[in-house]
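Okay, structure first, notes after.
The values are calculated or read from the model by the stated rules, or taken from the named source; none is laboratory data. For clarity, every value in this text was computed on a predicted model and none was experimentally measured. Neighbour counts are summed over all protein chains in view; Cβ atoms, including those assigned to glycine, are modelled from backbone coordinates with ideal geometry.
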Amino acid sequence: MNWQRTRSFFPVTRELVYLNHAGVAPISTRVDEALRRYADEATRMGAFQYPTAFDAEVERVRGRAAALLHAEPDEVAFVKNTTEGLGLIAAGLDWQPGDQVLTCDLEYPSNVYPWWSLRDRGVETVMLRSRDGRLSLEHVDEALKNPRTRLLALSSVEYGSGFRNDLEALGALCRERGVLFCVDAIQSLGCLPLDPGAWGVDFLAADGHKWLCSLEGCGIFYCARSMLDRLVPRIVGWRSVTDNTDYDRYHMDLQPSAGRFEEGTPNTAGIFGLGAAIDLVLELGIDAIAERVLALTDQLVAGLTAVGADLRSPRAPGETSGIVSFSLGDEPAKRTVTRLRRAKVFTVARRDGVRASPHYYNTEAELDRLLEAL
Ligand SMILES: Cc1ncc(COP(=O)(O)O)c(C=O)c1O
């Protein structure tokens with residue numbers, strides 16, 4: 001793969017060394033073009049060609065999103081963000097007082113508060129303790145033995161440390177114990193392979209503005225087909241039902257697909273952008289992207305070690321991701337980030353570490369620029 005060529009999709013490279021794909025990524029020229037296509041249609045024709053110009057693209061993108069997840073289109077719904085997807089699960093399961101949700105202390109708040117919000121329904125959230133930025137399988141396994149555990153909710157990759165959870169092994173443990181498995185996949189989607197069906201993941205949610213390099217506010221929610229009837233949509237609207245363009249006949253026959261979770265007009269412009277972003281990932285190949293990103297992070301880690309930085313990210317095989325977190329002696333992370341920013345190297349401070357998250361179009365030379373700026 002000629003990764004150098006992919007830089008032309010990202011004009012941001014002319015201005016910045018952009019190492020914040022775990023935060024908010026720049027969009028590619030492909031996404032920009034798709035948004036212009038949407039705007040052109042909406043400006044010239046309004047809704048005159050809605051079925052062919054807009055509905056058709058929404059369904060095409062659903063198919064592409066499903067392809068990226070090795071899923072079926074009827075298992076995919078569009079959501080406004082990861083949190084909305086996780087909220088659908090929290091709101092829609094038949095919780096019983098005494099039920100437990102397992103998550104861990106490395107999680108971003110979007111995978112904590114939806115479960116805490118169930119407290120008044122008698123559901124307890126157990127925050128598993130991490131050690132050195134990682135959550136051990138043994139620890140999860142032990143906790144899953146509690147018969148009150150109903151659901152395990154984890155991120156595919158932890159946002160601060162970059163620790164990659166072994167979703168396949170976790171899914172197998174959940175299956176063994178009859179526990180539902182829910183994944184916040186925003187730190188993987190567009191960077192690392194995901195196969196929820198094969199890994200025993202029941203639900204997955206991710207927005208597009210990180211590794212997919214798409215827009216904020218338009219993401220995907222995966223609901224395994226076997227779960228469609230167990231997850232009750234709590235916000236139901238005109239689009240949740242079958243024959244939903246027959247507005248004059250009220251009925252509550254929910255769509256037989258995950259489309260039932262899309263209650264009203266979708267974010268069509270966002271879906272245009274998301275589609276172009278997913279197309280690019282499928283074109284380059286998610287396995288090739290993962291290999292490239294992991295190679296760049298390996299190089300970064302080697303360089304950071306050479307300059308004496310303290311590495312905070314677990315780096316054992318299978319644990320690595322696109323996120324590298326480090327600190328420099330006693331210097332507060334925010335100060336390091338500010339120094340890097342002055343050199344036009346964009347990282348962020350998270351959990352007391354400097355978080356660098358390169359994508360496939362970054363270069364070895366750009367990583368050297370970070371090291372020099374340090
Ligand atoms: C692990 C993780 N989940 C979720 C989010 C954001 O969630 P949302 O898409 O709801 O804004 C972030 C953003 O940093 C994140 O790192």
Determine, yes or no, whether residue 204 is touching a Gly at 6+ places or on another chain (Cβ under 8 Å) and within 15 Å of the ligand (Cβ to nearest atom). yes
Set 107, 84, 59: member being among the charged types (D, E, K, R), crowded, with 18+ Cβ neighbours inside 10 Å and not in a loop (DSSP other than H, G, I, E, B): 84
Which of the residues spanning segment 46-55 are in a helix (DSSP H, G or I) and surrounded by 12 or more Cβ atoms within 10 Å (Cβ to Cβ)? 50, 53, 54, 55
Which number in (1) within 24 Å of residue 28 (Cα to Cα); (2) not in a helix (DSSP H, G or I) marks the one condition that residue 251 misses? (1)
Those residues of segment 1-27 which are more than 21 Å from residue 321 (Cβ to Cβ), under 22 Å from the mean Cα position of the chain (by Cα) and of a type outside the set (Val, Ile, Thr) amount to 9
So if I check each of 47, 67, 53, 22, which one is at pLDDT 95 or above and within 16 Å of the ligand (Cβ to nearest atom)? 22
Can you name the residue in segment 199-256 that is of a type in the set (A, V, I, L, M) and under 12 Å from the mean Cα position of the chain (by Cα) and is also nearest to residue 289 (Cα to Cα) among such residues? 212
Considering only residues of segment 179-197 that are hydrophobic (A, V, I, L, M, F, W, C) and either in a loop (DSSP other than H, G, I, E, B) or touching a His at 6+ places or on another chain (Cβ under 7 Å) (or both), which is nearest to the ligand (Cβ to nearest atom)? 186
Considering residues that are part of a strand (DSSP E or B) and within 12 Å of the ligand (Cβ to nearest atom), the number found within segment 207-227 is 4
Regarding segment 170-177, can at least one residue be identified that is closer than 30 Å to residue 326 by Cβ, within 11 Å of the ligand (Cβ to nearest atom) and not small (Gly, Ala, Ser)? no
Quick one: in segment 1-41, which of the residues that are without any contact (Cβ under 8 Å) to a residue 12 or more places away in the chain and in a helix (DSSP H, G or I) is surrounded by the fewest Cβ atoms within 10 Å (Cβ to Cβ)? 14
Please enumerate the residues belonging to segment 76-120 that are aliphatic (A, V, I, L, M), more than 16 Å from the ligand (Cβ to nearest atom) and free of Cβ contacts under 8 Å to residues at least 40 places away in the same chain. 118
Inspect segment 267-280 for any residue being in contact (Cβ under 8 Å) with a residue 60 or more places away in the chain, assigned by TED's automatic domain parsing to the domain that holds residue 67, surrounded by fewer than 21 Cβ atoms within 10 Å (Cβ to Cβ) and in contact with a Cys (Cβ under 7 Å, 6 or more places away or on another chain) and give the result as yes or no. yes
